[in-house]
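Comments concern the structure below.
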Amino acid sequence: MRHYPNFYIDGAWVAPVTPKTADVINPATEAVSGTISLGSVADVDNAVAAARRAFPAWSQTSVADRLDLLRAIQAQYSRRMQELGEAVTEEMGAPLSLGCGFHVGLGAGHLQTAIEVLETFKFEEQRGATMILREPIGVCGLITPWNWPLNQVTVKVFPALATGCTMVLKPPQLAPYSAQILAEMIADAGVPAGVFNMVQGQGSVIGAALSKHPQVDMISFTGSEPVGVQISKDAADTVKRVGLELGGKSAWVILDDADMAANVGAATAGMMVNAGQTCSAGSRLLVPNARLEEAVAAATAAANGVTVGDPHGDVGMGPVVSKAQWNIVQGYIQKGLDEGARLIAGGPGRPDGLDKGYYCKPTVFVTTNDTTIAREEIFGPVLVIIGYDDLDHAVAIANDSIFGLGGYVSGRDTDAARSVARRMRTGAVWINGGFDFHAPFGGYKRSGNGREWGAFGFDEYLEIKAISGFGE
Ligand code: NAD
């Protein structure tokens, strides 16, 4: 059992002002795996006050000083990677190979990227007689979700530290362990008091208090669209900057010259990674109508080939994060059936032999883009396949969504792939598995605003000042 009673505020591990604890449930067993404290507005006030006090000095530190801190955190991170991966598995159910692999790897990647960007980032730029300064925005409230818990904390905390901001992190209540360990690393690396603070607790209490707080200059939020809307409203009265990374319903376009078995297989397996709980998952697979049955065969084989079970075992997929999430996923599977979608793999209920734990079946439907399961973000291991007539049709389907987070294109024809990618109304497109830590990440439309990752992620935390008449 893990017990994390304290928050990290002003350079010390402190008990909540009003003691209150909550159980954390292991989604693989449905048993309590530990406890955390739930904070109150008074804890937020203390954390924000500490961050405010620390800002004048931290914002004036040299790049070299901030690089020293990030490298000291990197040393801690490298030492405790296994522990972090195990925490991710326990808190949100990712298979241990994924927890210790990509989950921890994404955090390490964002840390290394922040260091690389900081080494050369131009905080000052002279344009004629005008000096342009990029200055840290101030005290930041960082609010993160449970699905890639390390990724989302690291993609905010490290750029915020690197740019000279001070901060209060509010991790997800469902998956609080990895953030707690990361906070220990940051503390042990010698972060100055008040620069980094962490308060655990409920979004409606801690997240809302940060969003409304007059002493918080900026909120960076990753999570669901409704909460993003609420945060924007809460932040409006104090005119703070709000960066939103929200949901998605990303299209994966398979070109008609593609190796159908390999690409549909990879896209289907990719959908099931992290039990489908990935904002940028390619959850709508668009295939040429002329090759639809080939795609169906490949997707069925791939989905049926995903092993589901105890995340500590040799499995491809663990449980979804919670009972509530399991119910949501089951509701969408039933909705797909009710609306007449063609079920080609998986379906309702738990996989055979799994009576405990929030396990779902890797599920694939063939449907049209007007059904609920093609329009709404399910956030579970449910893929929809949609046929298209030609590339114009594929692009039209891809863009017929309220979301605009990501897109994927697979196939041999480079010109066609690039053309589809250019025409997608999304913040990112990945062609044939391309991946880059320095590429910006964020959404068009209701997938949010602002960009994280790499140098673009630094801009989120910087104000721009123009000093005219500065002189040559
Ligand atoms: P959520 O919106 O319920 O919660 C996210 C965070 O916000 C949690 O820490 C939660 O406690 C907090 N919160 C809840 N209510 C709040 C309020 N009123 N004010 C302030 N904070 C509040 O989301 P979730 O269920 O944890 O995560 C799943 C969602 O996140 C999905 O929609 C997914 O697509 C999205 N997501 C987006 C990205 C991206 O980068 N675009 C990445 C991962 C997840």
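Under a Cβ-only charge scheme (Lys and Arg +1, Asp and Glu -1), can you give me the dipole magnitude of the chain about the Cα centre, in debye to the nearest 20?
Details: 36 positive and 49 negative charges, 150 e Å.
So the magnitude is around 720 debye.
From zero outward in steps of 10 Å, how is the percent of C-alpha pairs of the stretch 229-271 spread across the bins?
Here the calculated profile for the stretch 229-271 is 22, 28, 15, 18, 16, 2.
As a quick test, which of the pairs K170/K323; K156/K240; K170/K356; K20/K323; K20/K356 have an alpha carbon distance above 25 angstrom in this structure? Please list the in-between numbers first.
Details: K170/K323 22 Å; K156/K240 17 Å; K170/K356 30 Å; K20/K323 23 Å; K20/K356 28 Å.
Beyond 25 Å: K170/K356; K20/K356.
Separation between the H438 and T21 pseudo-spin-labels, each 7 Å from Cα along Cα→Cβ, expressed in nm?
Label-label distance for H438 and T21, simple model: 4.8 nm.
Can you give the extra length, in nm with one decimal, that the chain gains between S59 and M131 once fully stretched, where that is 0.36 nm per residue apart less the Cα-Cα distance?
Details: separation 72, 0.36 × 72 = 25.92 nm, distance 1.85 nm.
Fully extending the segment from S59 to M131 adds 24.1 nm.
Within the stretch 214-238, find all residues whose amide N lies under 20 Å from a label point positioned 7 Å from the Cα of K335 along Cα-to-beta-carbon.
223-230
Can you give the relative contact order of the stretch 45-187 as a percent, counting alpha carbon pairs under 8 Å and 6+ residues apart? Before the final figure, lay out each step's value.
Details: 192 pairs, mean separation 48.3, N = 143.
34 percent.
At what distance in angstrom do the alpha carbon centres of the stretch 178-215 and the stretch 315-389 lie from each other?
Centre-to-centre (Cα) distance: 35 Å.
Kindly give Rg over Rh for the stretch 251-437, based on alpha-carbon atoms, with the Kirkwood expression for the hydrodynamic radius. List each step's numbers first, then the result.
Working: Rg = 15.6 Å, Rh = 16.4 Å.
Rounded to two decimals, Rg over Rh is 0.95.
Under 18 Å Cα to Cα from K233, which aspartates and glutamates show up? Leave out anything in the same chain fewer than 8 places away.
D217, E225, E245
Could you tell me how many degrees, from 0 to 90 and to the nearest 10, lie between the Cα long axis of helix 225-236 and the main elongation axis, the longest principal axis, of the Cα atoms of the chain?
Value to nearest ten degrees: 20.
By average Cβ neighbour count within 10 Å, what is the ranking of 265-278, 128-141 from highest down?
Values: 265-278: 23.3, 128-141: 19.4.
My ranking of the peptides, most packed first, is 265-278, 128-141.
Let me check against my output: what whole-number percent is the relative contact order of the stretch 283-436, with C-alpha pairs under 8 Å and at least 6 apart?
On the way: 237 pairs, mean separation 34.3, N = 154.
About 22 percent, as a whole number.
Using amide H atoms built in the peptide plane, which far-off residues or other-chain residues are under 5 Å from T21 H to H?
Correct list: L38.
Just name one of Y388, A428, C360: the one whose Cα is farthest towards the positive end of the charge dipole of the stretch 334-472 (beta-carbon charges, Lys/Arg +1, Asp/Glu -1).
C360
Tally the DSSP beta bridges in the chain and give the antiparallel ones as a percent, rounded to 5. If you can, show how the numbers build up before the last one.
Working: 27 of 66 bridges.
DSSP beta bridges in the chain are roughly 40 percent antiparallel.
Using Cα atoms only, what is the angle between the long axis of helix 177-188 and the major principal axis of the chain, expressed in degrees (0 to 90) to the nearest 10?
Taking the Cα atoms of the chain, the angle to 177-188 is about 30 degrees.
With all protein chains present, how much of the accessible area of the stretch 251-437 (probe radius 1.4 Å) comes from carbon and sulfur, to the nearest whole percent? Before the final figure, lay out each step's value.
Values: 3630 of 7330 Å².
Carbon and sulfur together cover 50 percent of it.
Label A301 and D259 with points 7 Å out from Cα along Cα→Cβ: what is the distance between them in nm?
With each label placed 7 Å out from Cα toward Cβ, I get 1.2 nm.
Once you have the alpha carbon radius of gyration of the stretch 388-455, what is it after dividing by 2.2 N^0.38 Å, with N set to its residue count? It would help to have the intermediate numbers written out before the result.
Values: Rg = 12.3 Å, N = 68, 2.2 N^0.38 = 10.9 Å.
Against the empirical 2.2 N^0.38 Å value, I get 1.13 for the stretch 388-455.
Of all DSSP beta bridges in the stretch 251-437, what percent run antiparallel (nearest 5)?
Numbers: 3 of 22 bridges.
Given both bridge residues lie in the stretch 251-437, the antiparallel proportion sits at roughly 15 percent.
Along each of the three principal axes of the Cα atoms of the chain, give the extent in whole Å, ordering the values from largest to smallest.
Largest first, the chain extends 63, 58, 41 Å along its Cα principal axes.
Evaluate the charge dipole of the stretch 251-437 about its Cα centre and quote only its size in Debye, nearest 20, assuming +1 on the Cβ of each Lys and Arg and -1 on the Cβ of each Asp and Glu. Before the final figure, lay out the partial values.
Numbers: 14 positive and 21 negative charges, 98 e Å.
Dipole size: approximately 480 debye.
Given the DSSP H assignment, sum -39500 (n - 2.57) over each helix run of at least 4 residues in the chain and divide by its residue total; what's the result at 222 nm in deg cm²/dmol, nearest 500? Intermediate results must be reported in sequence, preceding the final value.
Working: 15 runs with 179 residues, N = 472.
My calculation for the chain gives -12000 deg cm²/dmol from helical runs alone.
Output the relative contact order of the chain, whole-number percent, from Cα pairs under 8 angstrom with separation of 6+ residues.
Values: 1121 pairs, mean separation 86.2, N = 472.
Reported as a whole number, the value is 18 percent.
When the Kirkwood radius is taken over all Cα pairs of the stretch 165-248, what Stokes-Einstein diffusion coefficient follows at 10 °C and 1.306 mPa s, in µm²/s? Spell out each step's value before the answer.
Values: Rh = 13.6 Å.
For these conditions, the coefficient is 117 µm²/s.
Normalise the Cα radius of gyration of the stretch 1-142 by 2.2 N^0.38 Å (N = residues in it) and let me know the number. Before the final figure, lay out the partial values.
On the way: Rg = 19.3 Å, N = 142, 2.2 N^0.38 = 14.5 Å.
Cα Rg divided by the expected 2.2 N^0.38 Å: 1.34.
What angle, in degrees between 0 and 90 and rounded to the nearest 10, separates the Cα long axis of helix 292-304 from the longest principal axis of the Cα atoms of the chain?
For helix 292-304, the angle is close to 60 degrees.
Accessible area per residue, 1.4 Å probe, Å², for the chain: what's the number?
Numbers: 17650 Å² over 472 residues.
Result: 37 Å² per residue.
Let me check something: with ligands and nucleic acids excluded, how do R291, R418 order by accessible area (1.4 Å probe), largest to smallest? Could you put the intermediate results ahead of the total?
Numbers: R291 55, R418 140 Å².
Per-residue accessible area, sorted high to low, gives R418, R291.
The values are calculated or read from the model by the stated rules, or taken from the named source; none is laboratory data. Quick caveat, the model's predicted, so the values are computed rather than measured. As a convention, Cβ positions derive from the backbone with ideal geometry for all residues, glycine included, and neighbour counts pool all protein chains shown. We work out accessible area using only protein heavy atoms, side chains counted, and drop any ligands, DNA or RNA first. Shrake-Rupley method; radii C 1.70, N 1.55, O 1.52, S 1.80 Å.
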